[in-house]
């Protein structure tokens, strides 16, 4: 079951990344018309969860830590999973809409300033598990 979960999470990340990089028309397909929720947001949210979850399922030391450093990495990876789970609600709170679009109005929610926070949070949600994985690989390299 763990291998199947790892495969599915990895597949979600690869498919979503491919669609985002290519700017596919599928990304603007309406999952729900009113309020407008584009398929790209749903897929991105799933990928935000799937990326750290695939690391958790794919790397044994994240699931069964052997040292104090491994336990810390496990906790940080669980935090990364939680950050991925709350990505869409945070995006909605910042954008003041479910499509994740930001304008230049004077209030904070939906403003260009809120958009900057959105992008910082999005980069953090993607970059944090990648940094944990790189740190894990460096530890593995130097433990031998």
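Before moving on, here are some points about what is shown:
- For the stretch 58-73, a residue qualifies if it is outside any loop (DSSP other than H, G, I, E, B) and loosely packed, with under 15 Cβ neighbours inside 10 Å, and the qualifying residues are 60, 63, 68, 69, 71, 72.
- Yes/no for residue 29 being in contact (Cβ under 8 Å) with a residue 12 or more places away in the chain, surrounded by fewer than 21 Cβ atoms within 10 Å (Cβ to Cβ) and touching a helix residue (DSSP H, G or I) at 6+ places or on another chain (Cβ under 9 Å): no
- Residue match in the stretch 108-119 (condition: surrounded by 12 or more Cβ atoms within 10 Å (Cβ to Cβ), closer than 21 Å to residue 32 by Cβ and modelled with pLDDT of 90 or more): yes
- Where residue 88 falls short, out of the listed (1) touching a helix residue (DSSP H, G or I) at 6+ places or on another chain (Cβ under 8 Å); (2) closer than 22 Å to residue 31 by Cβ; (3) free of Cβ contacts under 8 Å to residues at least 40 places away in the same chain: (3)
- Out of 76, 55, sole residue that is in contact with a helix residue (DSSP H, G or I) (Cβ under 6 Å, 6 or more places away or on another chain) and either touching a residue at least 60 places away in the same chain (Cβ under 8 Å) or in a strand (DSSP E or B) (or both): 55
- The condition of being surrounded by fewer than 19 Cβ atoms within 10 Å (Cβ to Cβ), within 18 Å of residue 130 (Cβ to Cβ), touching a residue at least 12 places away in the same chain (Cβ under 8 Å) and touching a helix residue (DSSP H, G or I) at 6+ places or on another chain (Cβ under 9 Å) does not hold for residue 49.
- Of all the residues in the stretch 79-107, those that are part of a loop (DSSP other than H, G, I, E, B) and within 18 Å of residue 38 (Cα to Cα) number 9.
The values are calculated or read from the model by the stated rules, or taken from the named source; none is laboratory data. Owing to the predicted nature of the structure, the values given are computational and were not obtained by experimental measurement. Note that each Cβ is placed from the backbone with ideal geometry, even for glycine, and that neighbours are counted across all protein chains shown.
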